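All remarks here apply to the structure that follows.
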Amino acid sequence: MSLDNLNWKILTCLQENSRQSNAAIGRQVGISSPAVSERIKKMEDLGIIQNHITLISPFEVGYQLKALITLSAFMGKLKPFLEKVKTFDEVINCYRITGNENIVMEVVLKNQKHLETFIDQLIVYGESKTQIVLSHVVKNKEIKRL
């Protein structure tokens, strides 16, 4: 499926507000609601649209800290860690990366004690470095057409 101008307009609408109706999107892009629905379904089937999610503010639900933690895995510990990290409730995003570190995690934590306890769980897998997030500068920016 080619991403034509109409598909990109639909994607832009969804990235701005994924809860708006197909009729509302259709009015914005100039096609019928069923046509919007059909295009969205095709883009979902192709994996272009991956999820419709609700973003929750961690601070508003009681988490006081957000941190980025990098991990340089010890020899033989990367694969076990890649399985273990999926079980950590604190980890909201995790990336395998190139460079001196193998992993970058975005985590939410209740407080400093929770951070200490979490870091203690990482010690067996490698050396970690922690940066506390102060604020978002760019957040969930929409993806534009190339």
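The values are calculated or read from the model by the stated rules, or taken from the named source; none is laboratory data. Because the structure is predicted, anything quoted here is derived from the model rather than measured. Heads up, the Cβs are rebuilt from the backbone with ideal geometry, glycines too, and the neighbour counts pull from every protein chain shown.
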Name the residues in region 95-124 that are in a strand (DSSP E or B) and closer than 12 Å to residue 67 by Cβ, would you? 104, 105, 106, 107, 108, 109
Has region 28-49 got at least one residue that is assigned to a loop (DSSP other than H, G, I, E, B) and closer than 30 Å to residue 99 by Cβ? yes
Looking at region 92-106, which of its residues are loosely packed, with under 13 Cβ neighbours inside 10 Å and either more than 16 Å from the chain's Cα centre (by Cα) or in contact (Cβ under 8 Å) with a residue 60 or more places away in the chain (or both)? 98, 99, 100
Exception for residue 140 within (1) part of a strand (DSSP E or B); (2) among the polar types (S, T, N, Q); (3) in contact with a helix residue (DSSP H, G or I) (Cβ under 9 Å, 6 or more places away or on another chain) falls at (1)
Using the structure shown, decide if residue 69 is in contact (Cβ under 8 Å) with a residue 60 or more places away in the chain, in the same structural domain as residue 126 (by TED's automatic domain parsing) and under 20 Å from the mean Cα position of the chain (by Cα). yes
Note: among 95, 63, just one is hydroxyl-bearing (Ser, Thr, Tyr) and under 30 Å from residue 3 (Cα atoms), namely 95
Taking region 107-127 on its own, how many of its residues are closer than 19 Å to residue 79 by Cα and either within 19 Å of the chain's Cα centre (by Cα) or surrounded by fewer than 18 Cβ atoms within 10 Å (Cβ to Cβ) (or both)? 6
Do we have residue 84 as of a type outside the set (Ser, Thr, Tyr), farther than 30 Å from residue 18 by Cα and not in a loop (DSSP other than H, G, I, E, B) here? yes
Of the residues 57, 32, which is surrounded by 11 or more Cβ atoms within 10 Å (Cβ to Cβ) and among the hydroxyl-bearing types (Ser, Thr, Tyr)? 32
